[in-house]
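As structure tokens, the structure follows; a few thoughts come after it.
Laboratory data are not the source of any read-out in this text; all were calculated from the coordinates shown. Quick caveat, the model's predicted, so the values are computed rather than measured. Cβ sites come from the backbone with ideal geometry, for glycine too, and all protein chains shown count toward neighbours.
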Amino acid sequence: MAPGKHGPPVDASDRDLAALLAAQLPNGAYPAAAGFSQYGPCWLRDGSFIAHATDLAGRHDSAARFHAWVARTVAAQAGTVAELLARRRAGEPISEFDFLPTRYAVDGEWVKDGWPNFQLDGYGQWLWSLAGHLAATGQDELPAHLAAGVDVVVDYLSEFWDEPCYDCWEEFRSQLHTATLGSVAAGMGAIARWVPRAAPVGAAARELVLTGCVVDGRFVKHVGNPEADASLTWLCTPFGLVADDDPVMRATVARIEADLVVDGGTSRYRADTYYGGGEWVILSASLAWHHARAGRPDRARTYLDWVERQRRPDGALPEQVPRKDHHPWFLAYWTRHWGPSACPLVWSHAMTLCARLAVGG
């Protein structure tokens, strides 16, 4: 569960790093895509990967400001979490809109607009990203200004880590998702160095991933669904729950590449219809990152070459692009409903930067 290696600082003129730094607000928040109608808030998921990328690039100041923003934001929900724990232990029903949200307004306020908000992956990913930042900056003690927020998240995940929730794509509310459980396992396992009481849940979530989320020798989208999902690469890279040469991981990557990759571009899963079921820069970069860290730089470059072909003339990277077999009705629907797919998406630049650094350029 260790973070990625941190090399020499990346020059701030690097276009992917520059995109991350330019997006960050003075208070530390990273809006997901300020120019897109729905992505103005800060997702803990996106932000945690973005902060990790800035750490890898040597810009620990940017990551530190993000982590401080998250800690302040979630510490303000301590009363809500205490109430949720009391209700759960009393056997009272809890609405999905009562759980903590997956995204917050950039001022730290809870955005209550009906978005499918009950996700646990972002809270686990934040703990994982924070632990990597603390390790990279040599902090053997949890700083006081972060402690209250960390305590809230550890309490929250300790109680609800195995609660069915939306996945990392804000879909499939009633399932136990492999990538979500992996995010919780990585976060609680990593932060246990500073908060030891997180360790049992980290171990339990990892055990569920290894025993309950494997079908025919490979990891699956969620419990009871044998399909592949490209987010499953995160179990290995960057979360390190399994080694890159683990046979289950290798079989998983092979299935992702067989089912979801077209000419170097990767869709989320086979039945996806969001914006027609396009190919995602985030996920192609994820595969590049995985292959690079597994010692397969040529395969990594294949995916990075595809990513580079998706850049706009100004260097911006989109969330996704239509694939050859996209669903035209759904592409038209989402475009009419929300406008063109998000570009630039800050998370796309973060994952691309991580992959480029792993390849070595």
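Numbers for the structure displayed
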read-out: Gain upon complete extension [Thr335, Ala34; 0.36 nm per residue less C-alpha separation]; value: 106.7 nm
read-out: Volume of the Cα convex hull of region 124-198, divided per residue and given in Å³; value: 84
read-out: Added length on full extension, which subtracts the Cα-Cα distance from 0.36 nm per residue, Asp305 to Ala243; value: 19.8 nm
read-out: Taking Val220, Val209, Val184 and counting other C-beta atoms within 10 Å, the order from fewest to most; value: Val220, Val209, Val184
read-out: Quotient of Cα Rg and 2.2 N^0.38 Å for region 248-361, N being how many residues it contains; value: 1.05
read-out: Kirkwood hydrodynamic radius (C-alpha pairs) into Stokes-Einstein, region 1-101, 10 °C and 1.306 mPa s, D in µm²/s; value: 102
read-out: Part-to-part distance (alpha-carbon centres) for region 240-256 and region 120-173, which is given in Å; value: 24
read-out: Paramagnetic reach from Ala316 (point 7 Å along Cα→Cβ, amide N under 12 Å) across region 16-43; value: 33-37
read-out: Order of Trp169, Trp115, Trp128, Trp306 under a 10 Å beta carbon neighbour criterion, fewest first; value: Trp115, Trp169, Trp306, Trp128
read-out: Tail weight of P(r) past 28 Å, computed on alpha-carbon pairs of region 15-359, percent; value: 37
read-out: For region 15-359: relative contact order, % (alpha-carbon pairs under 8 angstrom, 6 or more apart); value: 17
read-out: Residue-averaged 222 nm ellipticity for the chain, from DSSP H runs of 4+ at -39500 (n - 2.57), nearest 500; value: -15500 deg cm²/dmol
read-out: Which of His327, His349, His222, His145 has the fewest Cβ neighbours within 10 Å, and the rest in rising order; value: His145, His327, His222, His349
read-out: Amide proton proximity set for Thr266, modelled H, under 5 Å, gap of 5+; value: Trp280, Ser284
read-out: Ala203 paired with Glu171, simple spin-label distance in nm, labels 7 Å along Cα-to-beta-carbon; value: 3.6
read-out: Exposure rule at most 13 other beta-carbon atoms within 10 Å, DSSP loop trypsin sites (Lys or Arg not before Pro): the chain longest free segment; value: 6-111
read-out: Gyration tensor (Cα) of region 161-219, equivalent ellipsoid semi-axes in angstrom; value: 21, 14, 8
read-out: Linear extension gain, Val111 paired with Arg193, 0.36 nm per residue minus alpha-carbon span; value: 26.3 nm
read-out: FRET efficiency estimate (nearest 0.05) - Cβ-Cβ, Ala86 to Asp298, R0 51 angstrom; value: 0.40
